[in-house]
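Have a look at the structure below, then the notes.
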There are 2 protein chains.
Amino acid sequence: MPTQRMTTERMTGRALQPGSATAGAASAFERWLLRILMAALPDAGYSIVLWDGSSAGEDSGVRVLIRDRAALWQVVRDPALHFGDLYSLGRIEVEGDLVTFLERTYAALEAGRSANASPLWRLWSDITPRSRSIDAARDNIEQHYDLGNDFYALWLDRESMQYTCAYFPEAGMPLEAAQRAKMDHVCRKLRLRRGQRVFEAGCGWGGFALHMAREYGVEVHAWNISREQVRFATDRARKAGLGDRVSFIEDDYRNMRGECDAFVSVGMLEHVGPENYRALGAVIDRCLAPNGFGLIHTIGRNRPESMNGWIERRIFPGAQPPSLGEMMALFEPRSFSVLDVENLRLHYAETLRHWMVRYLGAIDQVRATRGAEFARAWQLYLAGSIAAFTTGRMQLFQVLFARDRNNDLPATRRHLYP
Amino acid sequence: MPTQRMTTERMTGRALQPGSATAGAASAFERWLLRILMAALPDAGYSIVLWDGSSAGEDSGVRVLIRDRAALWQVVRDPALHFGDLYSLGRIEVEGDLVTFLERTYAALEAGRSANASPLWRLWSDITPRSRSIDAARDNIEQHYDLGNDFYALWLDRESMQYTCAYFPEAGMPLEAAQRAKMDHVCRKLRLRRGQRVFEAGCGWGGFALHMAREYGVEVHAWNISREQVRFATDRARKAGLGDRVSFIEDDYRNMRGECDAFVSVGMLEHVGPENYRALGAVIDRCLAPNGFGLIHTIGRNRPESMNGWIERRIFPGAQPPSLGEMMALFEPRSFSVLDVENLRLHYAETLRHWMVRYLGAIDQVRATRGAEFARAWQLYLAGSIAAFTTGRMQLFQVLFARDRNNDLPATRRHLYP
């Protein structure tokens, strides 16, 4: 379990150990720091309380408890990074609903940014992500996806282990049905027909590849650099009797070769990085048949921004969701034409709520096998992701495209709504 | 009739007068020029024939006839500009289907560009458009739209004079029904509700504003800098008994003020120019209510490109259709979130075919009132536009957006397909 080790090493590193002077009253300077921290969060609608009971902000049922002196100093110095670590260690706690706290924080940061309320808001903003060269990409992905399939199986949908945004065309759908609906929505956009060949870039545990082969009668070649996932997916294909129609290839998207009728990528672009979009566009251009369709499903942004530093370092190394404008580097240098963009932001919030319920249901097990810090870190990550989608900090784009000369296009999108 | 004058002056200017040496055999050098011209158009699938019968290219039922020596020199020097003028004057003629000729030309130019077949392809490429300052914009728009309402009434739909892409959800729809379908499609995307206030930027002859007020019970404020159109639209509103619910304002979009529940612009962005997109985004940001929706309907490109020089100079001064990436300058600097992009390219080709049929049906009348050159110029423009949309040189984007914090979003787009 490489990540449990990683978690323990990083989160309890020297810099984040409680200082020796944990007890005792907060000094006047520390109370000033606290007010400065709140000044970056205008109208946040919660209070922050120090170890000695000093507080700032509004008492509204949500309270942030900073348990020791060193935690205050750390979070003031680099809140975007250290809040997550300190929360994971229990040195910062949140009383009241965690998602509500994070939603208010995002909203207050946005308001603070617009109003330029404090130079401190910059501290919450984001960092330069890691290298995404072919070798680095493999390390990045291993750190996240090779956590162990059993960990994700605890809280993802049971049918196809989709670790991407589901689609809830009807309110109250179960997660499993919503993940099937997402896969069918993508397949309809791509107009898959029996006998076609599909290339999938970044295939997770293979659930979508198997769904396409089983339900649409297509041949699927799916690339992934996560060894754990490829092994798991290949095994699943064999057991499902689809081994002859689905092949999983442990390799980087940059090495994709051959010709396909449809090119699909669900939840990979977040890891690719804007500096590689032209290269990915070239790969698609090399592979896609003249009348083929392509679809990229990705977390996105309303404007170019880096990932939150803590998530980028602790959860998703190398991650950087693009703005739509940044995504155009995939298409504009090539002969591609964007046909349809759909933003499914609130569907991701709903997906994450399902994951959170399941995760909290299994948190004792996570704690027992991976430790309390890890369990708290992932709870924070899921809660923060819900808040990011409900407050519009993050988007979910599905972008359908074809070659510019392809006139075999449906007149409307009615076929997506059967 | 300012444009008839314009046409006559510009198109018969000294530079384009037939030279004195019209008769006589083409020289070896002229025949070499002809081959150079064809080299920029690999596999064009037609031939070009000079005044003395010399020809180059493939004999396939489509033949381009260059009637005099000076026309050859002009078209070689600046084909993107002079082809149109020489065609309008009848000094270049096309035997066979004009749209087919233009489709093959666009395809060949694209192939030539990709293959870098000849330095000459650059001559076909496009020019820097004119100024689009507030004053210049008014001149630009007057040159195009103030041609006279009677001219457009000859070939646009009879019900609402929509000079923008229609929507053909069913094959074979009449133009009038398809224009209604387009307006309803936009209104459904905007989720218009009775009593709302709509701002329209660039309202043409007011047909859409009247449709929204009549069919959706909204109050519409519509801006336009074309005096002829505003007069016509105001008169129509009064006659339709909608004068209290629709107001037409003769002013630039940069001067729009007030608050609206929906902001819509159909066919204006082409004239705005990328250098003004941030300013237009600021106008929308100033006007749109917190839970409002906005929609921009515009001709677009797969990548940033200028307009064809002849169209920009003779037909649409200042026009420059944006790529999706360029359009993001409207949204990314502001708190907007793109919700839905639909590309209706082939619907514009179909719209133009309807316009062409009606235009050719009325061409004798055009010729009688505005002269043969004008009649031929507009025939070329309509044919070239059909070819641009069928060959994927031009796109038609509808971009729906909202503020990033607006969570009152429909779960699906099913409501667009009743």
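Where a number appears in this text, it was derived from the coordinates with a stated rule and is not lab data. The model shown is predicted, which means the values in this text are computed figures rather than measured ones. No Cβ is skipped: glycine too gets one built from the backbone with ideal geometry, and neighbour counts run over all protein chains shown.
Please get the size of the charge dipole for chain B, origin at its Cα centre, with Cβ charges of +1 on Lys and Arg and -1 on Asp and Glu, quoted in debye to the nearest 20.
Dipole about the Cα centre, nearest 20: 440 debye.
Tell me, what ³J(HN,Hα) does each residue in region A:50-57 have, in order and in whole Hz, if you take phi through Karplus 6.51 cos²θ - 1.76 cosθ + 1.60 with θ = phi - 60° and put x for Gly and Pro?
Rounded to whole hertz, the list is 8, 4, 9, x, 4, 8, 9, x.
Could you name the lysines whose alpha carbon sits less than 20 Å from that of A:Lys189, not counting residues in the same chain fewer than 8 places away?
Within the straight-line cut-off, A:Lys189 pairs with B:Lys189.
Could you tell me the distance between the Cα centroids of region B:311-390 and region A:366-394, to the nearest Å?
50
Could you give, in nm with one decimal, how far B:Arg405 is from each other copy of that position, shortest first, with labels 7 Å out from Cα toward Cβ?
5.0
Counting other beta carbons within 10 Å of each Cβ, put B:Arg113, A:Arg334, B:Arg393 in order, fewest first.
Least to most surrounded, the residues fall as B:Arg113, A:Arg334, B:Arg393.
Please compute the Cα-Cα pair-distance distribution of chain A with 20 Å bins starting at 0, giving whole percents from short to long.
Taking all Cα pairs of chain A, the binned fractions are 26, 54, 19, 1 percent.
Where both partners of a DSSP beta bridge lie in chain B, what percent of those bridges are antiparallel, to the nearest 5?
Of those bridges, close to 50 percent are antiparallel.
Projected onto the charge dipole of region A:134-416 (+1 at Lys/Arg Cβ, -1 at Asp/Glu Cβ, origin at the Cα centre), which of A:Leu330, A:Ile363, A:Gly241 gives the Cα projection farthest towards the positive end?
A:Gly241
Given q = 0.10, 0.13 Å⁻¹, what are the Debye log10 I(q)/I(0) values for region B:329-418, with equal point scatterers placed on the Cα positions and solvent ignored?
Once normalised to I(0) and log-transformed, intensities are -0.47, -0.66.
If R₀ is 60 angstrom, what is the calculated FRET efficiency for the pair B:Gln365 and A:Ala111, using the beta carbon separation as r and rounding to 0.05?
Working from the Cβ atoms, E equals 0.50.
So what's the net charge close to B:Leu416: Lys and Arg +1, Asp and Glu -1, counting the other residues with Cβ under 11 Å from its Cβ?
+4
For chain B, calculate the relative contact order in percent as a whole number, restricting contacts to Cα pairs under 8 Å that are 6 or more residues apart.
17
I'd like to know how the protein assembly as shown sits against the 2.2 N^0.38 Å rule of thumb: what's its Cα Rg over that expected value?
Compared with the compact-globule rule of thumb, the protein assembly as shown sits at 1.07.
What ranking do A:Lys189, B:Lys182 get, fewest neighbouring Cβ atoms within 10 angstrom at the top?
Neighbour counts put them in this order, fewest first: A:Lys189, B:Lys182.
What residue in chain A has the Cβ closest to the axis turning A into B, and how close is it in whole Å?
Its Cβ sits closest to the axis: A:Val341, 2.
Relative to the longest principal axis of the C-alpha atoms of chain A, give the angle of the C-alpha long axis of helix A:28-39, reported between 0 and 90° and rounded to the nearest 10°.
For A:28-39 against chain A, the angle is about 30 degrees.
Show the residues, 5+ positions off or on another chain, whose built amide H is closer than 5 Å to the amide H of B:Ile249.
Those lying under 5 Å, H to H, from B:Ile249 are B:Ala222, B:Trp223, B:Asn224.
Show that you can apply the helix-only estimate: for the protein assembly as shown, add -39,500 (n - 2.57) for every DSSP H stretch of four or more residues, divide by all residues, and state [θ] at 222 nm to the nearest 500.
So the calculated ellipticity at 222 nm is -13500 deg cm²/dmol.
Between copies, how close do the B:Arg214 label points come, placed 7 Å along Cα→Cβ, listed in nm from shortest?
Output for B:Arg214: 5.3 nm, nearest copy listed first.
When A:Glu350, B:Glu110, B:Glu373 are ordered from fewest to most other Cβ atoms inside 10 Å of their Cβ, what list results?
With the sparsest Cβ surroundings first, the list reads B:Glu110, B:Glu373, A:Glu350.
For helix A:345-361, report the angle its Cα long axis makes with the longest principal axis of the Cα atoms of chain A; keep it between 0 and 90° and round to the nearest 10°.
Roughly 70 degrees between the two axes.
Calculate how steeply helix B:134-145 sits against the longest principal axis of the alpha-carbon atoms of chain B, using the helix alpha-carbon long axis, and give the answer as 0 to 90 degrees to the nearest 10.
70
Starting from a label point 7 Å past Cα on the Cβ side, list the distances from A:Ala153 to the same position in the other copies, nm, shortest first.
Reported distances to equivalent positions: 7.5 nm.
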